[in-house]
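Step one of this worksheet: look at the structure below.
The values are calculated or read from the model by the stated rules, or taken from the named source; none is laboratory data. Given the structure is predicted, the values throughout are model-derived calculations rather than measurements. Don't worry about glycine lacking a Cβ; one is built from the backbone with ideal geometry, like all the others, and counts go over all protein chains shown.
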Amino acid sequence: MAEVNGELGFYALAGQPKSPRDLIEEMRQGEALGLGTAFLSERYNGKEIGTISGAAGAVTNSIRIATAATNHNTRHPIVTAGYALTMHGLTGGRFVLGVGRGIAAMQKAYGIPPITTAQLEDFANLTRRLLRGEAVIGHAGPVGSFPYLQLGPNVADEVPLLLCAFGPNSLALAGRCFDEVVLHTYFTDETTARAVKIVKESAEQAGRDPASVKVWSCFATIGDHIPEERRLMKSVGRLATYLQGYGDLLVKTNRWDPKVLERFRAEPIVKAFRGGIDVHATTEQLEQIAKLIPEEWLSYAATGSPERCVQAIRNQRALGCDGVILHGATPKELEPILAAYRRST
């Protein structure tokens with residue numbers, strides 16, 4: 001087994017895996033390669049978070065397992081806290097409970113209320129109390145009203161809480177009351193440095209040690225050793241899908257030109273597309289869509305040779321990030337990059 005790089009992580013079952021069973025081999029490979037944390041996102045069509053995180057914990061021994069993310073309002077808070085407690089015990093303390101706002105349009109379609117900053121803060125505080133074994137009586141707050149909540153009097157576990165954050169309010173919340181924060185993919189260098197500053201300053205203002213809040217860069221990692229058509233899907237396809245779903249927020253956050261986004265959305269190939277571009281687009285369609293996205297927007301990623309990828313990854317650390325998630329690649333695809341990373345230390 002390789003030496004553990006605690007500052008590096010990866011997303012298991014990235015994108016659209018053929019089967020959730022792929023998780024088992026990916027987890028074993030990621031642990032063997034020395035990656036410190038495996039992040040798990042939730043999609044209801046094959047990546048239900050309780051199932052895949054339990055499997056991830058059962059087939060590994062040392063790698064941390066973090067949800068990044070689930071939504072707090074799809075389960076009762078006692079169920080979510082019980083899930084975190086169970087994963088904590090199953091993994092011997094390797095579990096991190098991560099939540100996020102989710103996609104508002106999808107939540108609206110499913111009849112799930114939109115998630116607010118106040119709810120996320122209330123959820124974090126309530127979950128910490130439950131994991132300390134407290135009996136919570138008559139809770140009435142943004143996350144809901146509950147006459148009585150308790151996991152048990154003998155519970156006293158420290159499960160780290162993580163927030164996937166995008167805008168300034170979420171970033172400040174992460175610094176105030178979460179232990180870790182995951183930034184979004186395709187942040188510019190300036191946006192990344194600004195986000196880190198917001199998190200750390202918020203932690204300090206809340207009387208916390210800024211160093212105790214770990215900021216993760218979620219950094220698209222697409223080496224030249226990956227076949228070209230897959231690189232196109234992982235870069236153009238992925239960013240195009242973000243622009244489809246919440247392009248206004250990404251463009252605003254990165255201080256990009258909104259007129260470029262308007263032109264992108266107005267193009268017939270994008271306008272007529274049904275579903276996620278990174279799921280359904282052909283290579284030919286991706287080649288056409290690539291012409292609609294500025295090269296600069298796509299440049300905020302680790303690309304090229306393994307050595308060049310390593311330089312880009314290390315730059316994320318130089319911008320202030322405590323860790324880097326090598327996003328969009330399987331452990332097998334990351335192997336030459338990790339070898340170059342170890343050689344460069």
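Any residue at all in segment 81-92 that is of a type outside the set (A, V, I, L, M) and in contact with a Cys (Cβ under 7 Å, 6 or more places away or on another chain)? Checked against the condition, which is being of a type outside the set (A, V, I, L, M) and in contact with a Cys (Cβ under 7 Å, 6 or more places away or on another chain), segment 81-92 yields no hits at all. Name every residue in segment 78-118 that is out of contact with any helix residue (DSSP H, G or I) (no Cβ under 8 Å at 6 or more places or on another chain), outside any helix (DSSP H, G or I), β-branched (Val, Ile, Thr) and surrounded by fewer than 20 Cβ atoms within 10 Å (Cβ to Cβ), in order of residue number. Passing the criteria: only Thr116.
Taken over segment 140-170, the residue count meeting the criterion of being over 17 Å from the mean Cα position of the chain (by Cα) and of a type in the set (Gly, Ala, Ser) is 6. The single condition among (1) out of contact with any Phe, Trp or Tyr (no Cβ under 9 Å at 6 or more places or on another chain); (2) closer than 30 Å to Gly175 by Cβ; (3) surrounded by fewer than 17 Cβ atoms within 10 Å (Cβ to Cβ) that Glu262 does not meet is (2). Among the residues making up segment 1-23, those that are assigned to a loop (DSSP other than H, G, I, E, B) and touching a Gly at 6+ places or on another chain (Cβ under 6 Å) are Ala2, Glu3, Val4, Ala14, Pro20.
Of the residues making up segment 132-158, those that are touching a strand residue (DSSP E or B) at 6+ places or on another chain (Cβ under 9 Å) and either exposed (fewer than 15 other Cβ atoms within 10 Å of the Cβ) or among the hydrophobic types (A, V, I, L, M, F, W, C) (or both) are Ala135, Val136, Ile137, Gly138, Ala140, Ser145, Phe146, Pro147, Tyr148, Leu149.
Identification of helices (runs of 4 or more DSSP H) wholly contained in segment 215-311 with 1 or more residues that are modelled with pLDDT under 95 and within 20 Å of Thr188 (Cα to Cα) yields 238-254.
In a residue-by-residue description of segment 1-18, the property of being closer than 19 Å to Arg128 by Cβ, over 18 Å from the mean Cα position of the chain (by Cα) and aliphatic (A, V, I, L, M) applies to no position.
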